[in-house]
Structures are given as C-alpha cells and as structure tokens.
C-alpha cells in the first residue's frame, strides 16, 4: 500500500524557506549597492591622500581639505549603510562591509594625521572614539546588535596607517623635508 506522495511533503515549509532566502537576498543586494558606492568614494579619497607623498608640507592644507570633502561624502554613505544594516543582526551581514569600513577608517586616520578635522597640526593620531564620532556611528558595541565601528576595523586601519607613514617618511626626505620623518 503506497502512501500518497503529496501528503508526505508539506510544501509550506519550502515556501517559507524560499521567502526567507528571497528576503536575505534583497538585504544583501541593498547592502552591496551601498558598500560599492562607499568603496568607490574611498578610492577617490585615497587617491587624494596619496598625493601627500609628493606634496611639500606647506601645501598639505589644500590636500587635506580636498580629502575631508571626500570623507564627508563617505560619512553620508556610512549613514545609509548604518540605517540598512542596523535593521538586521550585525554579524549576519558584516562580512559585506568590514573591509570597506577599515579602508574608510584608514583614510580618516591618515587625513587626521596630516592635520585634518580641525587638528591644525600634523602628527596626531585619532582615537577610535574620535573616528566613530566623525563617522556618526557607535564604536565597539557590546550591549546591542547594531551597526558600529569595531575595534578590529580600527586596529587594522591603524596598521595600514603605520605602513603608509613609513613610506611617507622616505618620500619626505626625497622631497627635502627632513623634519617630517621625526614627527
């Protein structure tokens, strides 16, 4: 006696599963679009900041101003990312933006070191709290599941800044600026 195969499988289970997959795909697509815009903006910022290697110290303020204008656009995009990402569990989708957040953090740290963000003087590293305040997002959250700047993103960006400063020191000497490497 064979059972009716239609009664053995509940199709509602698969419909619910497909609906959940479709919802996750829509979220991933929305996040991907925002992250791609952020990545493009940061490439522009980093191209501006890379000119610090061939710019005399006296001309740095104009370079920093240009970089800050680009970073302001990145911050607006981060706000969009925060709005979308905060509606979902943080660690479910953070793989989509963690590298780009690290890159933006690097740009902010380097721009700040070059005298940006009202510092007025070069050689000052920003704390994670300062970077988070500038981005208008919380840092290293432990009490709620929301979009934030992680300590890992900040520390990896700091390592990138250290590498960039070593390169900047060599290039400064080539430009005849023997004081910059001592900062």
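The values are calculated or read from the model by the stated rules, or taken from the named source; none is laboratory data. Keep in mind it's a predicted model, so treat the numbers as computed, not measured. Cβ coordinates were reconstructed from backbone atoms using ideal geometry, including for glycine residues, and neighbour counts include every protein chain displayed.
Per-structure values
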| quantity | calculated |
| --- | --- |
| Looking only at the range 66-90, and only at residues there that are part of a helix (DSSP H, G or I) and either in contact with a strand residue (DSSP E or B) (Cβ under 7 Å, 6 or more places away or on another chain) or over 17 Å from residue 105 (Cα atoms) (or both), the one that is modelled with the lowest pLDDT | 90 |
| Matching entry among 36, 41 (being modelled with pLDDT of 95 or more, within 22 Å of the chain's Cα centre (by Cα) and crowded, with 17+ Cβ neighbours inside 10 Å) | 41 |
| Matching residues, the range 81-97, being surrounded by 15 or more Cβ atoms within 10 Å (Cβ to Cβ) and under 14 Å from the mean Cα position of the chain (by Cα) | 81, 82, 85, 94, 96, 97 |
| Qualifying residue in the range 23-32 (condition: buried (at least 17 other Cβ atoms within 10 Å of the Cβ), within 30 Å of residue 124 (Cα to Cα) and modelled with pLDDT of 95 or more) | no |
| Scope the range 78-107; condition more than 15 Å from residue 146 (Cβ to Cβ) and without any contact (Cβ under 8 Å) to a residue 40 or more places away in the chain; matching residues | 95, 99 |
| Among residues of the range 139-183, those that are touching a strand residue (DSSP E or B) at 6+ places or on another chain (Cβ under 9 Å) and either buried (at least 17 other Cβ atoms within 10 Å of the Cβ) or at pLDDT 95 or above (or both), counted | 6 |
| Top-ranked residue in the range 153-172 [being free of Cβ contacts under 8 Å to residues at least 40 places away in the same chain and out of contact with any helix residue (DSSP H, G or I) (no Cβ under 6 Å at 6 or more places or on another chain); ranked as nearest to residue 85 (Cα to Cα)] | 155 |
